[in-house]
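Visitor: Just passing along the structure, written as C-alpha cells.
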C-alpha cells in the first residue's frame, strides 16, 4: 500500500467520516486499517468469513470475486455490497461500513480478584543531593551522581547513553537534587526530586488489552483501562494472525507495530489520567498467550503455527521498552513472564500466580476460557501442577455465530425462556443487536431446558418459535420489531453446533486432564474460572450445557482478569517473578490431541447433559 508515482485514490469511509488516499488496487480492508477504521475480519482477509461486508456507495472498484459471490447474494451485490478484503479501488470511492461490520468497543474485563503481595520491585528510587562541578571538582555528571548514591559494597553503577543524555540539563535545572531509578546496578532513568517510580502491567489478550499503572513503592493501583487488541483487524483468532505473520515479513511487522502502538497509547492515557510523567515509568510487565507475546516481540512464529507447536523462546524475557516503541524512562525494561508450551503462555502462568493455584491446600482446577482455553490442575497431596490447552475457538466471543458479536452495547448477555416467551437483557440496556458469548450460552442452555433442542443438539422444528430458513432450523430470540437492527435475532442450528464444538473441547480438556492426573472428581474442592468471558458467564448455564463439569464437592469461583492481576503481582515483587519462573519450569503438561481417549471424550462432550439435571425455570 505504498504510494506510487501515479494518482492516488481517495476513499471516504462512512458513517465514521474518515478519509484516506491510497494507491490504486489497494483493498478496502487494507485502506480501512491504514485509516484506523475498524472493519471486522475473522479470517484475516482471506475472503472466507464474510464478516467484512461494506457497501460501495459511489466510485469504481474491481469486479466481484468468487469469494464475494459465495458470501453475498446477487441482489446484495447489485445493491453495492462487497467484501472489503476482496474489493480493490480503481478510483475515488465512498464506502459505507455497516454497524455489523464495525469493530466496535466492547465491554472489557480488566479487573480481577486481587491479593496482597509484599512490594519488592526490580527497580527502586534513590534520592540524590550533591554539589555541582567546579574547577576544583571536574568529575563527570554521571560520576558525580553515582558517587552521591548510597554506597553499597561491591556495587558498580552503570548507565546507558540513552539514560545519561537528559542528565546534564536535568541536574542543572534541579540544582543537583535528583531521583535515580536503579535496577540492580543499572540506572534506568533520572527524574526530578521526589518523583516516585511507576510500573506498567499489561495483559495482551487475543481480543482485548488490559493495562494497569502501579506505584512501585506502595503497590497502589493508580489507574486501569482496556482497549481492543488492534490485531483483530488482521484476524479475530490466533491462527489467522499466525498465518498472516508467516505469509510475509510485512504481515509480521504490521502485527507487531499495531500492538506496540496500542500498548504505548494505553500507557500514555493512563499516565496522563494519573498525572504521572513518562520518565517515571521505569518497569513494565506483560503477559499474554504464547502467540500474542511472540507477535509483540516480532519473534518467529513459523514453528509455533505447526505441530509440535514449539515456542521460539519460553523463558522469561527482559527487553528495553524503547526497543518496542514504548515511551517510558530511557532505560526501562519490559519483562515478559515465561510460557509453558506452545499454547500455554505467560497469561496462564500469571493466572496461576494471581489465584494461588499452585498453593492450594486441596485439589483445584483453574480454567481461562477463550479462543484458546488453558486449564491447570493442582494436586497438593502430590506436589504437582499440570496444565493443558485446547482450541475452543472464538464462538464464546460471538464469532462464527449468525448474530454473534462481542460484549458491546446492545449485545444480549442474558436470555430466559418462560411461559410468555423469550426475555433478554443487553449490555447497556440498549436495543438488542446480537448475542455475545454469555448470551449465546444462556440461550442454548434455555433452549435445551425447554426442549427446543434435544440432547444431541438437534433443533425440534415442531416447537413454537422454531422456523426453517434456507433449509436450516432457527429459533427466534428477538423479533425484528423489538431488535435494534430491524431484523430478527435468531439462534440457528449451525450456532448450536458451533457451541457444541467449543464447549466439547473445553469439557473434554478438563476431563482428560483429570483422568491423566489420576484425580478423583470428588477430591476436587475448587474450580476457578478466569478471564473476560468467565467473568460474565452464567455458571448455571455453563454447568447446564456441560461446558463446566458438575463436581460434587467443588465450589465455583469467578475471579475476573486473573492474568492481569498476575502481571501486576510480577511487576511488584521479585520473589513472585521468581515464583513464576519456577511454576513454568516445574509445571507438567498434557498434550490433549495425543492423549488416549481424547477424541472419544470430545465427541461425547459435545452432547448436552440429560434434561433432568435442570431445574424448572
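Read-outs throughout are calculated quantities, based only on the coordinates presented, and are distinct from any laboratory measurement. Bear in mind that the values here come from a model prediction, so they are computed numbers and not experimental data. All Cβ positions, even for glycine, are placed from backbone atoms using ideal geometry, and neighbour counts span all protein chains on display.
Visitor: Would you mind listing how long the chain runs along its three principal axes, going by Cα atoms, in whole Å with the largest first?
Guide: Ordered largest first, the chain gives principal extents of 98, 72, 43 Å.
Visitor: Next question. Any chance you could check the Cα centroid distance between the stretch 477-498 and the stretch 221-273 for me, in angstrom?
Guide: Answer, in whole Å: 31.
Visitor: While we're on this one: In nm, to one decimal, how far is the residue 472 label point from the residue 8 one, both placed 7 Å along Cα→Cβ?
Guide: Rounded to a tenth, the inter-label distance reads 4.1 nm.
Visitor: How much of the DSSP bridge set in the stretch 198-336 is antiparallel, in percent, rounded to the nearest 5?
Guide: Bridges in the stretch 198-336 are about 60 percent antiparallel.
Visitor: Taking the number of other C-beta atoms within 10 Å as the exposure measure, put 320, 610 in order starting with the fewest. Walk me through the numbers before you get to the answer.
Guide: On the way: 320 16, 610 8.
Least to most surrounded, the residues fall as 610, 320.
Visitor: With angles folded into 0 to 90 degrees, how steeply does helix 238-247 sit against the dominant principal axis of the chain? Use alpha carbons for both and round to 10.
Guide: 70 degrees
Visitor: Taking the stretch 9-101, how much of its Cα-Cα pair set, in percent, is spaced more than 24 angstrom apart?
Guide: 8 percent
Visitor: For the chain, what is the calculated [θ] at 222 nm in deg cm²/dmol (nearest 500), taking -39500 (n - 2.57) for each run of four or more DSSP H residues and dividing by its residue count?
Guide: -8000 deg cm²/dmol
Visitor: Using alpha carbons only, how many degrees (0 to 90, rounded to 10) separate the axis of helix 437-449 from the longest principal axis of the chain?
Guide: 30 degrees
Visitor: Here's a follow-up. If R0 is 30 Å, what FRET efficiency do you get for residue 320 and residue 116 from their C-beta distance, rounded to 0.05? Walk me through the numbers before you get to the answer.
Guide: Details: r = 31 Å, r/R0 = 1.03.
Calculated transfer efficiency: 0.45.
Visitor: Sorted from fewest to most neighbouring beta carbons within 10 Å, what does the list 460, 503 look like?
Guide: Least to most surrounded, the residues fall as 460, 503.
Visitor: Rounded to the nearest 0.05, what FRET efficiency do residue 463 and residue 416 give with R0 = 22 Å and r taken as the Cβ-Cβ distance? Could you check?
Guide: 0.85
Visitor: Calculated FRET efficiency, residue 173 and residue 66, Cβ-Cβ r, R0 56 Å, to nearest 0.05?
Guide: It comes out at approximately 0.30.
Visitor: Relative to the longest principal Cα axis of the chain, at what angle does helix 493-516 sit, 0 to 90 degrees, rounded to 10?
Guide: 60 degrees
Visitor: Tell me the volume per residue, in Å³, of the convex hull enclosing the alpha carbons of the stretch 124-191.
Guide: Considering the Cα atoms of the stretch 124-191, their hull volume per residue is 84 Å³.
Visitor: Moving to a separate point now. At a 10 Å Cβ-Cβ cut-off, how would you order 124, 348, fewest neighbours first? Intermediate values should be presented prior to the final figure.
Guide: Working: 124 15, 348 34.
Fewest-to-most ranking of 124, 348: 124, 348.
Visitor: Taking only the C-alpha atoms, wrap a convex hull around the stretch 198-336 and report its volume per residue in Å³ as a whole number.
Guide: Convex hull of Cα atoms, per residue: 93 Å³.
Visitor: Same structure, new question: Out of the DSSP beta bridges found with both residues in the chain, what percent are antiparallel (nearest 5)?
Guide: 70 percent
Visitor: Follow-up question, since we're still on this one. Could you state the per residue volume, in Å³, of the convex hull enclosing the Cα atoms of the stretch 176-220? Write down the numbers at each step before the final one.
Guide: Working: hull volume 4.4 nm³, N = 45.
In the stretch 176-220, the Cα hull volume divided by residue count equals 97 Å³.
Visitor: Another one. Report, to two decimal places, the Cα Rg of the stretch 450-608 normalised by 2.2 N^0.38 Å (N = number of residues).
Guide: Dividing the Cα radius of gyration by 2.2 N^0.38 Å gives 1.33.
Visitor: Here's a follow-up. Using the Cα gyration tensor of the stretch 161-256, with a ≥ b ≥ c the square roots of its eigenvalues, what is the shape: rounded (a/c below 1.5), prolate (a/b larger than b/c) or oblate (neither)?
Guide: prolate
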